[in-house]
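Readers should treat all values here as calculations from the given coordinates under stated rules, not as data from a laboratory. The model shown is predicted, which means the values in this text are computed figures rather than measured ones. Cβ placement follows ideal geometry from the backbone for every residue including glycine, while neighbour counts extend to all protein chains displayed.
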Amino acid sequence: SLYFSSKIFVLYWPVIFLPHRVPQGWQTNAIAVCCSRIYKKNHDVTKTWKGKTEQLLRVNNHDFTMRPAFGGPAIPVGVDVQVESLDSISEADMDFTMTLYLRHYWKDERLSFPSTTNKSVTFDGRLVKKIWVPDVFFVHSKRSFIHDTTKDNIMLRVFPDGHVLYSMRITVTQMCNMDFSRFPLDSQMCSLELESYAYTDEELMLYWKNGNESLKTDEKISLSQFLIQKFHTTSRLAFYSSTGWYNRLYINFTLRRHIFFFLLQTYFPATLMVILSWVSFWIDRRAVPARVSLGITTVLTMSTIITGVNASMPRVSYIKAVDIYLWASFVFVFLSVLEYAAVNYLTTVQERKERKLHERFPCTCGIPHSQTMMLDENCSESDANSLAGYTRNQMVPEEEKQQKMVVHLAMSNECHSPRKRGLKGHVGLRIIQNSHAIDKYSRLIFPGTYIFFNLIYWSVFS
């Protein structure tokens, strides 16, 4: 102990007695030497290594342009993925954008190093360019990039036995073949595909490290138009005629579209336009400007809705479910316009016939004008009975009997002759003679048919 105390005194006397003359660096070095001798300890070589990383991993001693175990069996490379976000789904471009953490696991004995604690060493992306890493790429991807804020989001972790963990944060835009035949009541299945670009299955065996557990997703992932139903992994071999067979990994997920947005933006407006077109059935048939403007407005509005829906969709060559509904609604609106055209035409024909009859028999013969108008080609029994109160003298004077009895005789022949027409023909003539009856029937036929169409549509596509 005396020797130890004298040793400390020898080291510390300049600091105690000459503090104003001893440089600060000398004091620090003296304390460090003392402490290192007092607390002598065996440290891990990875913690006390004073050389370069290349010397620790012996990067310069090997040719890392070749894969591990070159010329031997295929090197197994495990993969796992953590999906951070599903950023967007584009129907017009038929693709999706996803941000994920992609991790690779393999063993390269050339990177092994001595260590007493078996602890790993972590590096950033600068070492990746100096060693061998798997050349995994995304099949059918349109765009992809590694995040670089604030530095490249790449992590390389090397274990003493040569096992390597290689992780990176990537955003990729991948193609997705979508089927819009049931749009917007559809479900889409998309997949992200990973594959080695250069190494066949005889040189590199790509596999999911933990099976279905290799895929992790954030519980907060959500989309505005879709409900993410399921994530799962699969794998298979892909064949290229010029290069051979390759291991391919799949990240599959199913998306179901939310219908509420399209109910508010498409289905409800289209239904309201159809109902609005029925209002013309209750408007007077002689109000031509009102009924024509209402019909044209509904037709143009339906055209605008159809154009707006198709503008955000790809130009597919098949009919979509929304097309069936919109075009059926457009047909109902267009038929309501044609209905008024028929009513207006038949009204004009009827008035023309009444005008000709009035010109042919200008004398009303004491019969009110409203009853004279009924004396055209046909009449009913009620029309004949309505003239029962008129005597022959009231109707036609005796001296004009030969000229003025024509109306009365024509009516009598029609009313008292046997019925040569059936009930169907009688109803048809009444509809033609009273064109407003078409509006009465349309008030029932149009809503009933449209309700029946909706029942069939929603039972098939929902």
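Details
- For region 66-198: rounded, prolate or oblate by the Cα gyration tensor [a/c cutoff 1.5]: prolate
- Quarter the surface of the alpha carbon convex hull of region 171-326 and you get the mean projected area, 13.5 square nanometres.
- Electrostatic dipole magnitude of region 179-235 [Cβ: Lys, Arg +1; Asp, Glu -1; Cα centre; debye, to 20]: 400 debye
- Packing-based ranking, highest mean first, of 226-234, 323-331 given that Cβ atoms within 10 Å are counted: 323-331, 226-234
- For region 96-155: span of alpha carbons on each principal axis (Å, largest first): 47, 26, 19
- Within region 284-321: backbone nitrogen closer than 11 Å to the Gln265 label point (7 Å, Cα to C-beta): 308-313
- Most to least packed among 180-191, 148-159 [average Cβ atoms within 10 Å]: 180-191, 148-159
- Based on Cα contacts under 8 Å between residues 6+ apart, region 217-276 shows a relative contact order of 33 percent.
- Charged neighbours of Asp439, selected by a Cβ distance under 9 Å, balance to +2 (K, R count +1; D, E count -1).
- Length gained on full extension, Ser167 to Glu351: 57.6 nm, using 0.36 nm per residue less the C-alpha separation.
- Cβ-Cβ distance of Asp218 and Phe452, R₀ of 51 Å, FRET efficiency by 1/(1 + (r/R0)^6): the value works out to about 0.65.
- DSSP-assigned coil residues among trypsin sites (Lys or Arg not before Pro) in region 232-337, each with at most 12 further Cβ atoms within 10 Å: Arg286, Arg315
- Backbone phi angles across region 204-216, fed through the Karplus curve with coefficients 6.51, -1.76 and 1.60 (θ = phi - 60°), yield HN-Hα couplings of 9, 9, 8, 8, 6, 4, 10, x, 5, 6, 6, 10, 10 Hz in residue order; Gly and Pro are listed as x.
- Dipole magnitude of region 79-196 about its Cα centre (Cβ charges: Lys, Arg +1; Asp, Glu -1), debye to nearest 20: 680 debye
- Surrounding net charge for Thr347, when Lys and Arg each add one and Asp and Glu each subtract one, Cβ distance under 10 Å: +2
- Sorted peptide list for 334-341, 209-216, criterion being average Cβ within 10 angstrom, highest first: 334-341, 209-216
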